[in-house]
Amino acid sequence: MSFRPKPRYLKTLPNLKAVFSIGAGVDGFLADPDYPKHVPLVRFVEKGLAEEMAQFCVMHVLIHYRMQRDFDRAQAAGKWRQALLPKRPHETRVGILGLGEIGSVVAERLRPFGFTLLGWSRTRKQVEGVESFAGDDELPVFLSRTDILICLLPLTPQTRGILNAKLFAQLPKDAFVINVARGGHLVDADLIAALDSGHLSGAVLDVFHQEPLPEGNPFWVHPKVTVTPHIAAITEPRVAAQHVVDNIRRMERGEKLENVVDLKRGY
Ligand code: NAP
């Protein structure tokens, strides 16, 4: 049971029957070139985790939509600066990259606010109130219609670096980006350039290439960036332990394990 085991450690365990990730993402395991491919890798899928992520995303979508950062700045300057919301909720389009176990719950929790919702995944999805876009061919249209982009993709060779200059250029001007997936999805310099040029209006980053985010990293002080320390959704140890126990019991009864990662797909 782990999140990011030391590379080559797992291959030193000859009697390994299954590996349990205590996180939803398994990139920390698959980065090990010696991951023992005959051993099933089980990822952590839990409603509570998805709900926590949904809270985080709803909160930041609303902070952005309600212009709360502008009011924070006005307060800091001692200014009473009233402003109308520039758009009605349905005129604000929230696009979710990765409409999986977590992304679909995020969409469900955003729905009652009336935002226009879009989702992008490898295969077509049916999530109430969400327009589904599938595969690389449909990514440009999805991006051109997204004002607030939430990244909830797994980190795989196909998705590493996907949040880059080319992708940002396809978003409408003033789009806002929330990355709650993995630091490896983002090309940091491209985000800073898109923010500084004024093309993007801001970003919320919960995950980073190096964690903890090193002192002196430009994201700490960038005026358009909100940094949080990989807390969007945290696995509760008790719940993770129960998940492992339940799965071991299932194995002992000869039943199929749930949420086994497809090692070829990488998630
Ligand atoms: P999941 O159920 O496996 O969903 C992944 C989604 O991404 C699926 O819809 C999948 O499409 C789509 N996808 C994968 N590769 C793609 C590609 N190349 N092109 C288009 N779509 C692609 O994963 P999850 O449980 O929702 O978790 C998502 C990620 O959230 C995790 O991997 C982890 O990195 C991150 N996370 C972060 C935190 C945090 O605290 N910041 C907490 C939990 C999770 P298909 O369904 O069509 O295959």
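Rundown of residues vs (1) touching a Leu at 6+ places or on another chain (Cβ under 6 Å); (2) modelled with pLDDT under 95; (3) under 30 Å from LEU263 (Cβ atoms); (4) hydroxyl-bearing (Ser, Thr, Tyr), yes/no style:
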site: SER2; (1), (2), (3), (4): no, yes, yes, yes
site: ASP34; (1), (2), (3), (4): no, yes, yes, no
site: GLN55; (1), (2), (3), (4): no, no, no, no
site: PHE71; (1), (2), (3), (4): no, no, no, no
site: GLN82; (1), (2), (3), (4): no, no, no, no
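PRO86 meets the conditions (1) modelled with pLDDT of 95 or more; (2) under 26 Å from ILE192 (Cα atoms); (3) not aromatic (Phe, Trp, Tyr) in every case but one. The failed one is (1). Could you list, in sequence order, the residues of the stretch 107-141 that are assigned to a helix (DSSP H, G or I), within 9 Å of the ligand (Cβ to nearest atom) and either surrounded by 19 or more Cβ atoms within 10 Å (Cβ to Cβ) or of a type in the set (A, V, I, L, M, F, W, C) (or both)? Residue satisfying the conditions is LEU139 alone.
Beta carbons closer than 9 Å, at least 6 apart along the sequence or on distinct chains, pair a first residue in the stretch 180-207 that is under 19 Å from PRO157 (Cβ atoms) with a second that is within 14 Å of the ligand (Cβ to nearest atom) and among the basic types (Lys, Arg) for ARG182/ARG160; GLY184/ARG160; HIS185/ARG160; VAL207/ARG182. Of the residues making up the stretch 142-179, those that are assigned to a strand (DSSP E or B) and either under 16 Å from the mean Cα position of the chain (by Cα) or modelled with pLDDT under 95 (or both) are ILE148, LEU149, ILE150, CYS151, LEU163, PHE176, VAL177, ILE178, ASN179. When ALA240, ALA232 are checked against the criterion of being aliphatic (A, V, I, L, M), in contact with a Cys (Cβ under 9 Å, 6 or more places away or on another chain) and crowded, with 17+ Cβ neighbours inside 10 Å, a single residue qualifies: ALA232.
The values are calculated or read from the model by the stated rules, or taken from the named source; none is laboratory data. What you see is a predicted model; the values in this text were computed from it and never measured. Here Cβ is always computed from backbone atoms with ideal geometry, including for glycine, and neighbour counts include all displayed protein chains.
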